[in-house]
Each structure stands twice: as structure tokens, then as C-alpha cells.
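Engineer: A single structure is presented below for examination.
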């Protein structure tokens, strides 16, 4: 267990809200880690704690893999207003703005607001009165929930174990970022009945034509830069920025920045090879996304090798600032390749 005090604090909080109506809110769009953790929290609150009603909300549109995961878990994702919740739990939400359209409702809740996360805390922290359970030592929020279940003396059933496995698997880039403790937890989940191949296949949906086109356009529009031994690729597409960023990384660059218009501003998805972070110490979430979001009137965050920012700017200006911050962090000037 990486952080016993954190885990015991979460367990105590969950037990303290028995009989309450609870809204669980993930970050915009959700992902396997957010949905898997939210699912297990819901089950703990319903079956062990005895809450009056527990509902999961995912801001904005979910991706095809997330929808597939929800179907596999037989999980209904709530839509519309949060309503009369007594407690809100923000799961895998690195900054309050990532609650999307639910942020205003969250801030109006008269009861408790709790944050359970594993990202670097946002600049300025959280509002006074929030219960914050955050630790960057965990590879995934699902890993936190596995420890919480153990502390609460709850034996996970197979579906709960699968939810946690999927969250850990995808938030560690298919276990490539897992350490010994994470792998130990994965082995324990397998002993609880997880069939890794079956679970992974539940989220492996075919790439639709529009995403294929976005990936190819992203490659066609790519600009390539060199800074020392590192190659940085940038591109712009109108949708699917995250899979395009991953695709550019697979082509050979060390860092990819993919921007596009989003609502009344810009979204930038960022990815980096683990080797880039290991050798430079540049954390995309902390050193780039958070700063870009703050400077350009938005918000951002994420992990060392995967981050995202939403800002009130154009895609060109957002990418320009990202590149400038990378230059500053690396101490060298970029050159166009």
C-alpha cells in the first residue's frame, strides 16, 4: 500500500456518507480509469455503505471505448442535471474545470464535495471545505480503489475486479508504466477472476472511418521540430486529438502536440515517450498543460507523458506556447526539421 493514511481517509469518508444521495463526476469524456474507479465507488456505496442513491456523471460526450466499457459493466451513465445530491465525489478530475458543464452544480452543492485523484494538484489548490484525497504515487485511481476496498474489508467480485483491471491497464499505457506494486495488484485481480484478454477485448472497438481520417490528416499536417536529441511533432485536426497524438508518437517522435478548436476555444492533447520523461524530467501535465491553461484562460493537467489542455485561444497560439515552454524546460532552441 503506497499511502496508508490516504486510503484510510477515503475509507472513513465513504463510510461517513451512508444514507446520502451521491453524485460521482468524472473528468470530461471519462476514460477507463475514471469509469472503473467510479463504478467500484458506486458499488461500495450501494452495497457496503448503504447510500440512498448513487449516480455516475461523465461530462460531455464519451468515447466509443468508454461506452463499450460501460456496456460491459452493465453501468448506466447518468445524463442531465445532478439534481438533489447530498455529496459529490470528483473522480480522476485533475482540476475543477475538468468537471465540464457540471462544475457550476458542483460548486452549488451544500453538502460535501470530495476529490479522489492521482494527478498533480492544480495550481492554487482546491476550494476551502473540499475533502481532497490526492496522491501522485499511484499509477491510477483504480489502484487507489483497490487499496480502499481492502481497507474496508470488501472482497471484490469479478466485475468489480475487471473494472479496476481495465483502469489500471489503460492508465499505465497497457502496463508499460507499471511498477512492481502495480503488477502485484494486477496479479491479485487475475486471482479474483479477471481474464485479461476478455476484459481488454471488451474495450477494443474497431476504429471508425472518421477517426482513421483524422489520424491520417494529422500525419499529413504534421510539423516536425528537433531540440537536442528529441523530436517534437505538432498537428491540428478538428476532432480525435488524443488518438492522433498517440498515432504521431507511434510514428517515431518523442513528443506530440495535437490541437483543434473546441467549443469557444482550443483543446491540445499531448503525449510523450517514457524515455523523454525519464531523461529530461519534463512533466507534460505539470510543466506544460497546467501553465498553458492558466496563461490562456483555461485549464490543463495530466500525467508526465499524457496531458490535455483547454484554453481560450487559437490552436496556433496554444501550440506556440507549448513549444516555448518545452524550449524553456529543455534549455535549448527548437529547429524545424
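Engineer: Please go through the stretch 76-89 and give me each residue that is touching a strand residue (DSSP E or B) at 6+ places or on another chain (Cβ under 7 Å) and either more than 17 Å from residue 100 (Cα to Cα) or free of Cβ contacts under 8 Å to residues at least 12 places away in the same chain (or both), ordered by number. Reasoning before the result, please.
Structural biologist: Narrowing the stretch 76-89 to residues touching a strand residue (DSSP E or B) at 6+ places or on another chain (Cβ under 7 Å): 77-78, 82, 84-89.
Matches in the stretch 76-89: 84, 85, 86, 87.
Engineer: If you don't mind, there's one more thing I want to ask. Give the stretch 247-280 a look and list any residue that's surrounded by fewer than 20 Cβ atoms within 10 Å (Cβ to Cβ), touching a residue at least 40 places away in the same chain (Cβ under 8 Å) and closer than 10 Å to residue 305 by Cα, or say none.
Structural biologist: 274
Engineer: Just one of the numbered conditions (1) surrounded by fewer than 24 Cβ atoms within 10 Å (Cβ to Cβ); (2) closer than 17 Å to residue 305 by Cβ is not true of residue 171; which one?
Structural biologist: Of everything listed in (1) surrounded by fewer than 24 Cβ atoms within 10 Å (Cβ to Cβ); (2) closer than 17 Å to residue 305 by Cβ, residue 171 misses just condition (1).
Engineer: Right, here's the next one. Among the helices (runs of 4 or more DSSP H) contained in the stretch 241-337, which hold 2 or more residues that are within 15 Å of the chain's Cα centre (by Cα) and not assigned by TED's automatic domain parsing to the domain that holds residue 62?
Structural biologist: Qualifying helices (runs of 4 or more DSSP H): 241-251.
Engineer: Which helices (runs of 4 or more DSSP H) sit wholly inside the stretch 135-236 and have at least 3 residues that are on the phi > 0 side of the Ramachandran plot and touching a helix residue (DSSP H, G or I) at 6+ places or on another chain (Cβ under 7 Å)? First the steps, then the outcome.
Structural biologist: Working: elements: 141-151, 158-171, 180-191, 196-201, 209-220.
Where helices (runs of 4 or more DSSP H) fall fully within the stretch 135-236, none carries at least 3 residues being on the phi > 0 side of the Ramachandran plot and touching a helix residue (DSSP H, G or I) at 6+ places or on another chain (Cβ under 7 Å).
Engineer: Would you check if there is a residue in the stretch 151-161 being within 14 Å of the chain's Cα centre (by Cα) and either assigned by TED's automatic domain parsing to the domain that holds residue 72 or surrounded by fewer than 22 Cβ atoms within 10 Å (Cβ to Cβ) (or both)? Full working, then the answer.
Structural biologist: Quick first cut of the stretch 151-161, residues within 14 Å of the chain's Cα centre (by Cα) only: none.
Checked against the condition, which is being within 14 Å of the chain's Cα centre (by Cα) and either assigned by TED's automatic domain parsing to the domain that holds residue 72 or surrounded by fewer than 22 Cβ atoms within 10 Å (Cβ to Cβ) (or both), the stretch 151-161 yields no hits at all.
Engineer: Residues being buried (at least 16 other Cβ atoms within 10 Å of the Cβ) and without any contact (Cβ under 8 Å) to a residue 24 or more places away in the chain: count how many of those fall in the stretch 101-120. Steps first, please.
Structural biologist: At the first step, the residues of the stretch 101-120 found to be buried (at least 16 other Cβ atoms within 10 Å of the Cβ) are 102-103, 105-106, 112-120.
Retained after the next criterion (residues that are without any contact (Cβ under 8 Å) to a residue 24 or more places away in the chain): 103.
Adding up the residues that qualify gives 1.
Here's the yes/no breakdown for (1) part of a helix (DSSP H, G or I); (2) farther than 15 Å from residue 114 by Cβ:
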residue	(1), (2)
24	no, no
34	yes, no
39	yes, yes
44	yes, no
65	yes, yes
69	yes, yes
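Engineer: Still on this structure, please answer the following. Can you tell me which residue is farthest from the chain's Cα centre (by Cα) among those in the stretch 71-97 that are part of a strand (DSSP E or B) and buried (at least 23 other Cβ atoms within 10 Å of the Cβ)?
Structural biologist: Among those residues, the one meeting the criterion is 88.
Engineer: Let me ask you something else. Keeping to the stretch 137-150, report how many residues are buried (at least 17 other Cβ atoms within 10 Å of the Cβ) and either outside the structural domain of residue 66 (by TED's automatic domain parsing) or farther than 21 Å from residue 196 by Cβ (or both).
Structural biologist: Kept after step one, since they are buried (at least 17 other Cβ atoms within 10 Å of the Cβ), are these residues of the stretch 137-150: 138-149.
Now restrict to residues that are either outside the structural domain of residue 66 (by TED's automatic domain parsing) or farther than 21 Å from residue 196 by Cβ (or both): 148.
Residues flagged as buried (at least 17 other Cβ atoms within 10 Å of the Cβ) and either outside the structural domain of residue 66 (by TED's automatic domain parsing) or farther than 21 Å from residue 196 by Cβ (or both) within the stretch 137-150 amount to 1.
Engineer: Please work out which residue is farthest from residue 134 (Cα to Cα), limiting yourself to the stretch 5-22 and to residues that are part of a helix (DSSP H, G or I), touching a helix residue (DSSP H, G or I) at 6+ places or on another chain (Cβ under 9 Å) and in contact (Cβ under 8 Å) with a residue 24 or more places away in the chain.
Structural biologist: The qualifying residue farthest from residue 134 (Cα to Cα) is 15.
Engineer: Exactly one of (1) at pLDDT 95 or above; (2) touching a helix residue (DSSP H, G or I) at 6+ places or on another chain (Cβ under 7 Å) is unmet by residue 30. Its number?
Structural biologist: Here residue 30 meets the rest and fails (1).
The values are calculated or read from the model by the stated rules, or taken from the named source; none is laboratory data. Just so we're clear, the structure is a prediction, and the values are computed from it rather than from any experiment. Cβ: placed from backbone, ideal geometry, glycine included. Neighbour counts: every protein chain shown.
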